[in-house]
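In what follows, a structure is listed as C-alpha cells, so that the remarks can point back to it.
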Amino acid sequence: MFFSRFRVTARPAIYRIPDGVRVYAVGDIHGRYDLMCALLDKIEHDRRDAVSSQIVFLGDYIDRGPDSRRVIEALITGADRDGWICLKGNHEAMWLGALDRSQPWDGWLANGGVETLFSYGISARGFSMAGREDGLREAVLASVPGEHIAFIRQRPTSHAVGGYFFCHAGIRPGVPLSQQAPDDLMWIRDLFVDSRLDHGGRIVHGHTPAIEPEVLANRINVDTGAYLTGRLTCVALEGDRVRIIHT
C-alpha cells in the first residue's frame, strides 16, 4: 500500500449530476463497520434536504478490518431496502477467485482474507499449509451464508449518473467507458491515476489510498485508507458541486 499526494484542479462544467439528484459515493470500507455506521449517520443527516439521493459504495468492503461480515450484512440490507448501489472491488474479486479455484488462497489471505474469515468464525491458521485449500474452501462454504457469497458475486463493476462514472479502481485511458474491462475497473492503478486525459466522464473511484481525497478535473479519489487511518470518506455530488464528508 502507498498513499498518494493530495491534488486539486479546476473541474470542467460538463461534469454534472442531473438536477434534483444528489449522489454520495463511499470509498473503501475494508471491514470497518464502525466507520461505515458513523459515515452513514452523517450522510443521513446531510441528505435530509435532498429532493432525491443515491448512495454508491465503490467496493473493497472486506479484508483487513475486523468486521467484514457485519459490513456485508449491512450492505445487503441497504441494497434491498434503500436501493444502495454496491460495486465490486478487487478484494471481493480475490475472495471469489479463491472460492472458484481460479486464484490461489494464499494471495487473498495475505491481503486481508485472514481477517475476513475470522469475522465469520473461521481461523485460517489451521489451513495454512500446502494441500489444505479444499478443506478451507469447504469451511468457508459451510460458515459463510450463501446470501453473502451470492451478493458479492452479483456486484456490478461500474455505475454512471449524468457526467460521472463510478468504479472501484479506475478506467483504462483511451478506452470508451462503455467498453471498459471488468479487470481494469477493479484493479488498474498507475496508468489511470497518472493520466490527465479527459475520459469522457469524471471518474469517481477508490483503490489507491490517499492521505486526503483527491479532487481532480478528470477523477475523484475517495479512498483515504480507512482501516489504517480511521477516516472513511465519501464525496457528495449535486449539479456541478463537489463536497467531501468523512468520519
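The values are calculated or read from the model by the stated rules, or taken from the named source; none is laboratory data. Quick caveat, the model's predicted, so the values are computed rather than measured. We place every Cβ from the backbone using ideal geometry, glycine too, and count neighbours over all the protein chains shown. When the accessible area is computed, the model is the full protein with side chains, heavy atoms only, and any ligands, DNA or RNA have been set aside. Shrake-Rupley method; radii C 1.70, N 1.55, O 1.52, S 1.80 Å.
Quick notes on this structure:
- Cα-based helix-to-principal-axis angle, 90-99 vs the chain, degrees rounded to 10: 30
- Between segment 124-185 and segment 198-247, the alpha-carbon centres lie 21 Å apart.
- Normalised contact order of the chain, rounded percent, pairs of Cα under 8 Å and 6 or more residues apart: 29
- Computed from label points 7 Å out along Cα-Cβ, the spacing between A160 and A50 is 2.1 nm.
- What the chain shows is 44 Å² of accessible area per residue, with the surface traced by a 1.4 Å probe over protein heavy atoms.
- Using alpha-carbon coordinates, inclination of helix 68-82 to the longest axis of the chain, degrees: 50
- Annotation: amide H-H contacts under 5 Å for S53 (H modelled 1.01 Å from N, sequence separation of 5 or more, or interchain): R22.
- For peptides 65-74, 96-105, sequence by mean Cβ density within 10 Å, most packed first: 65-74, 96-105
- Degrees between helix 133-143 axis and first principal axis of the chain (Cα, 0 to 90, nearest 10): 70
- In this rough spin-label picture, where each label sits 7 Å from Cα along the Cβ direction, the R101-L228 distance is 3.6 nm.
- Built from the Cα atoms of the chain, the convex hull projects on average onto 12.6 nm², one quarter of its surface area.
- Lys/Arg +1, Asp/Glu -1 at C-beta; the chain dipole; positive extreme among I171, F151, P213: P213
- Carbon/sulfur fraction of accessible area - the chain, other protein chains in place, 1.4 Å, %: 51
- As a rough guide to protection, the peptides 183-189, 239-245 ranked by mean Cβ packing within 10 Å, highest first, stand as 183-189, 239-245.
- Calculated from backbone phi, Karplus (6.51, -1.76, 1.60) coupling profile of segment 204-215 in Hz, x at Gly/Pro: 10, 8, x, 6, 10, x, 10, 4, 10, x, 9, 10
- By average C-beta atoms within 10 angstrom, highest first, the peptides 76-87, 162-173: 162-173, 76-87
- Formal net charge of residues neighbouring D49 (Cβ-Cβ distance under 11 Å; K, R +1; D, E -1): +1
- Spin-label model, D80/L141: points 7 Å from Cα along the beta carbon direction are separated by 2.3 nm.
- Note on the chain: helix-only mean residue ellipticity at 222 nm, from DSSP H runs of 4+ residues weighted -39500 (n - 2.57) and normalised by residue number, equals -9000 deg cm²/dmol.
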